[in-house]
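J.: I have a structure I would like to understand better, so I am pasting it below and will then ask my questions one at a time.
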Amino acid sequence: MSSTSNCVAGATRALKASPALRLPVQTPARRTFASINSSKATSASPTIAASGPQCAFKAGNNALEGARRTQLRTFSSSSSRRALKTIEQVRARNKGGPFNLTAAILFVAAGGGLYTYFTYEKARMARQRIANQNKGIGKPKVGGPFDLVDQDGKQFTHEDLLGRYSLIYFGFSHCPDICPDELDKMALMYEKVKEKCGDVLVPIMITCDPARDTPEVLKEYLAEFHPAIVGLTGMYDNVKNTAKEYRVYFSTPPTVKPGQDYLVDHSIYFYLMDPEGDFIEAIGRNFTADQAAKVISDHIKDWEKPLKKDRWA
Amino acid sequence: MGWFSSSTDDSGPKKTADGAFVAPTKTTRQKCYESRDAFFECLDRNNILDSINTKKGRDEAAKACGQADQVFEKNCAHSWVEYFKKQRVVNYQKEQTIKKIEAEGGEIIAPQLPVGNSK
């Protein structure tokens, strides 16, 4: 209790002391204001500055700033005018304001550059997303091990796909119209991709009709489209399993007699597989050779790991 | 039917020893497509759509375009002839359906490229 009262007393003392201390300062200040008011009419001059500490500072400051401003103005204008000799030159220079050709070019170039970059990055991200989406964790969703025979009668397995991109198509040599068109397209795609990215893509046709498509038949058939196309055939069960792994539907008529003439129904997609043998994208009939080649080359360009360019060379 | 595509006739698709057609080459395919187009043109002229599925159609086609049909059968494997004749009907129906949908104000959007189509 006593301590609080002491405190209060102390505070009061302090309060009392301060006005007493300030009083002598305040009085001259008040006097100064009066003097300013009286002398203002006669002259706005350093005499005011001398009259009071606060106002003097302000007034002096104002005067200084004003002086600096005028000085700056004269300095800057004189310097810019020094470079431009005639009034016409000045006018010509100031005509367009801050907009001139250099600024416009820089603006357009920067804008265009940014736009191109972002468009490119967006497309790349989308492709990467597709590639990653289809990159199976564990067992691949499309594709898998197979054991077939190529057009030269040599064994060809899923391991032969590794190291390069492959474009896999299921078809058969007796196909009336779609397969020949698609194989022509495949040859075009292969050429275009080779032109852009080098020899990193293997075009492969797997037959859906192993009964009639022997290695010799395939060799002769595919040579007409492109000599680079690898034709795969094999035992019926092996072919059927491969098709199943690639989610390809095909139907050979159930009871085929030797010499019988028949067609095979099958799904028509190009399967793009990456150098690790994983499925990337299916390319349908609606793609033109150019569009498909672009899709493939873009994926190939995204690939960062090494490619075995000379594997089949 | 066999005598249209007998192996003694060099112009049509060849047959192997067991009687099957050999795989067609570019030339035989081209020849087959040409005779198919000629036959279909004849059907168009005579307003015949279906030359295979109904007896009436078969008879009409044989009467109006028998000659072209024979050439068609000679130049193509039998399975192809069947396939093309059926495809003609299917394609026509497809066209009609598309027209119908468009007449009703619907729109058919062809499947687009998923990515990479920005040029």
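The values are calculated or read from the model by the stated rules, or taken from the named source; none is laboratory data. A quick note: this is a predicted structure, and the numbers were derived from the prediction, not measured. Positions of Cβ are generated from backbone atoms using ideal geometry, with glycine treated the same way; all protein chains shown enter the neighbour counts. These area figures cover heavy atoms from the full protein model, side chains too; ligands, DNA and RNA do not enter into them. Shrake-Rupley method; radii C 1.70, N 1.55, O 1.52, S 1.80 Å.
J.: Only one residue in A:Asp265, A:Asp290, A:Asp302 is touching a Phe, Trp or Tyr at 6+ places or on another chain (Cβ under 9 Å), surrounded by fewer than 22 Cβ atoms within 10 Å (Cβ to Cβ) and within 14 Å of chain B (Cβ to nearest Cβ). Which one?
T.: Going through A:Asp265, A:Asp290, A:Asp302 in turn, the sole match is A:Asp265.
J.: Given A:Ala126, A:Ala110, which one is of a type in the set (A, V, I, L, M, F, W, C), open to solvent by 40 Å² or more (accessible area, probe 1.4 Å) and without any contact (Cβ under 8 Å) to a residue 40 or more places away in the chain? Write out each step before concluding.
T.: Numbers: A:Ala126 fails: open to solvent by 40 Å² or more (accessible area, probe 1.4 Å).
Step by step, each of A:Ala126, A:Ala110 is checked, and only A:Ala110 is of a type in the set (A, V, I, L, M, F, W, C), open to solvent by 40 Å² or more (accessible area, probe 1.4 Å) and without any contact (Cβ under 8 Å) to a residue 40 or more places away in the chain.
J.: Also, I was wondering about something else. Considering only region A:223-237, how many residues are under 19 Å from A:Val202 (Cβ atoms) and open to solvent by 40 Å² or more (accessible area, probe 1.4 Å)?
T.: Residues flagged as under 19 Å from A:Val202 (Cβ atoms) and open to solvent by 40 Å² or more (accessible area, probe 1.4 Å) within region A:223-237 amount to 3.
J.: Six or more apart or on different chains, Cβ under 9 Å: which pairs go from a residue in region B:97-119 that's within 14 Å of another protein chain (Cβ to nearest Cβ) to one that's part of a loop (DSSP other than H, G, I, E, B) and modelled with pLDDT of 85 or more? Could you list them?
T.: From region B:97-119, the pairs are B:Ala110/A:Asn286; B:Pro111/A:Gly284; B:Pro111/A:Asn286; B:Gln112/A:Asn286; B:Leu113/A:Asn286; B:Leu113/A:Phe287.
J.: A further question follows. Taking the condition of being assigned to a helix (DSSP H, G or I), more than 14 Å from the chain's Cα centre (by Cα) and surrounded by 17 or more Cβ atoms within 10 Å (Cβ to Cβ), how many residues in region B:17-64 meet it?
T.: Count: 4.
J.: Can you say whether A:Pro210 is within 14 Å of another protein chain (Cβ to nearest Cβ) and touching a helix residue (DSSP H, G or I) at 6+ places or on another chain (Cβ under 9 Å), as far as the supplied structure shows?
T.: yes
J.: Let me ask you something else. Hey, among the residues in region A:209-222 that are in a helix (DSSP H, G or I) and not hydroxyl-bearing (Ser, Thr, Tyr), which one's surrounded by the fewest Cβ atoms within 10 Å (Cβ to Cβ)?
T.: By that ranking, first place goes to A:Glu216.
J.: Here is a follow-up. Applying the selection to region A:238-262, what residues are within 11 Å of A:Phe146 (Cβ to Cβ) and either open to solvent by 60 Å² or more (accessible area, probe 1.4 Å) or not assigned by TED's automatic domain parsing to the domain that holds A:Ala282 (or both)?
T.: Matches in region A:238-262: A:Lys240, A:Asn241, A:Lys244.
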